Amino acid sequence: MESNIFLPRPARIVGIHPETAIDWTYRLEWDGDTPRPGQFFQVSVPHVGEAPISTSGWGDGWIELTIRKVGQVTGAIFELGAGDRLHLRGPYGNPFPLADFAGNHTFVAAGGTGLAPVRGLIQSLLATLGKAGGPAGLVILAGFKTPGDMLFAADLQAWSKQTSVLLTVDRAAPGWNGHAGVITTLIPDLEITDIARTRAVVVGPPMMLKYTVAAFLDRGLAPEQIWVSHERRMSCGVGKCGHCKIMNSYVCIDGPVYRYADAQWLTD
Ligand SMILES: Cc1cc2nc3c(=O)[nH]c(=O)nc-3n(C[C@H](O)[C@H](O)[C@H](O)COP(=O)(O)OP(=O)(O)OC[C@H]3O[C@@H](n4cnc5c(N)ncnc54)[C@H](O)[C@@H]3O)c2cc1C
Ligand code: FES
């Protein structure tokens, strides 16, 4: 019998970790295809609907999704507990190209929930940092509205023992001794030693994306050296329905990860 690409697979929730009040990481049993950094799943709750969600982590027999509660589908997911099932199609979409970071000094800049889609990328880059086929250097920039909006606090701390992690919050709060200001304020002081061997990855809300890309361009990076990931409303996720189509590009298959040079019109 021909397989149905729209038929989701059930995936049991084995753990839930609240990152903030409205961003929770769900660990699911998963024996389907292993996602690659930047890819997403169409996640559904029967009788409610379906939403595209990036994979924030994966391992042997499991994947993780970090979900912000914003509406119907995500609200219904927050009603579920360990032992309940989500339904998944995927992984879908164009991943981050690990080969393009090989031998290059790489900056990964994430704003707010934008850290979820790059968490797996950061882990992959750290695993090969300084080795053949891995990046020559890695600097992680992460910006949040307030300290209470921080995702993956334990990961950020662990990563900071392996490489440079620059944290900032838009609005400081009592007890916050770190940098305060939007993420673009970190970029003028970044040490860039060899511009031709530099890459940047930028993921976050539209305004953050636009101004952070502009700040890297100001530092001399070419549009070809910058990678971005875009969120657009989707339906089928597999290039059939046209919901995600902008100009001649289907974000579900040509994206969500794009080389900035190939999709400047999505950012501006
Ligand atoms: C490729 C991709 C990866 C994504 N990864 C994640 C992720 O890792 N974690 C996560 O929490 N969310 C992610 N999203 C966003 C997520 O898909 C939406 O928040 C979700 O579809 C909202 O569904 P809902 O039924 O709960 O909200 P709805 O009831 O449909 O809407 C609630 C609110 O969210 C807005 N909204 C709905 N869909 C989107 C969208 N696609 N983009 C922007 N605003 C939207 C609506 O305008 C409305 O204000 C991703 C989206 C895409 C396209
Ligand atoms: S979501 Fe249907 S074509 Fe992209």
Selection from 113, 142, 250, by position along the positive dipole direction of region 98-267 (Cβ): 250
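Could you count how many Lys pairs in the chain have their Cα atoms under 23 Å apart, skipping same-chain pairs fewer than 8 positions apart? It would help to have the intermediate numbers written out before the result.
Numbers: 69/145; 131/161; 145/210; 210/245.
Close lysine pairs under the 23 Å cut-off: 4.
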Rounded to the nearest 20 debye, dipole of region 9-92 from Cβ charges on Lys, Arg, Asp, Glu: 140
For region 64-94 versus region 105-141, the gap between their alpha-carbon centres in whole angstrom: 25
Charge context of residue 246, other residues only, Cβ under 10 angstrom, K/R +1, D/E -1: +1
Extended-chain gain in nm, criterion 0.36 nm per residue less alpha-carbon gap, residue 21 and residue 232: 73.5 nm
Antiparallel content of DSSP bridges confined to region 91-222, in %, to 5: 0
Antiparallel DSSP beta bridges within the chain, as percent of all bridges there, nearest 5: 60
Dmax and Rg, reported as Rg then Dmax, of the chain (C-alpha, Å): 18.2, 61
Pairwise centroid distance, computed over Cα atoms, of region 10-43 with region 217-268, Å: 23
Where a label projected 7 Å from the Cα of residue 207 along Cα→Cβ would reach, residues of region 103-145 with amide N under 13 Å: 145
Region 9-92, relative contact order in percent, only Cα pairs under 8 angstrom and at least six apart counted: 39
Positive-end residue, the chain charge dipole about Cα centroid, Cβ charges, pick of 59, 166, 25: 25
Relative contact order computed over region 98-267 (Cα-Cα under 8 Å; 6+ residues apart), in percent: 20
Simple Cβ-charge dipole of region 69-135, Lys/Arg +1 and Asp/Glu -1, about Cα centre, in debye nearest 20: 60
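Just subtract the alpha-carbon distance of residue 82 and residue 158 from 0.36 nm times their residue separation and send over the number in nm, one decimal.
24.7 nm
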R0 of 22 Å, Cβ-Cβ distance residue 195-residue 99: FRET efficiency to nearest 0.05: 0.65
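Hey, got the dipole for region 192-251? About the Cα centre, +1 on K and R Cβ, -1 on D and E Cβ, debye to the nearest 20?
Values: 8 positive and 4 negative charges, 54 e Å.
With only Lys, Arg, Asp and Glu charged at Cβ, the dipole is about 260 debye.
Read-outs: derived from the displayed coordinates by stated rules, not from any lab. Because the structure is a prediction, the values reported are computed rather than measured. Note that each Cβ is placed from the backbone with ideal geometry, even for glycine, and that neighbours are counted across all protein chains shown.
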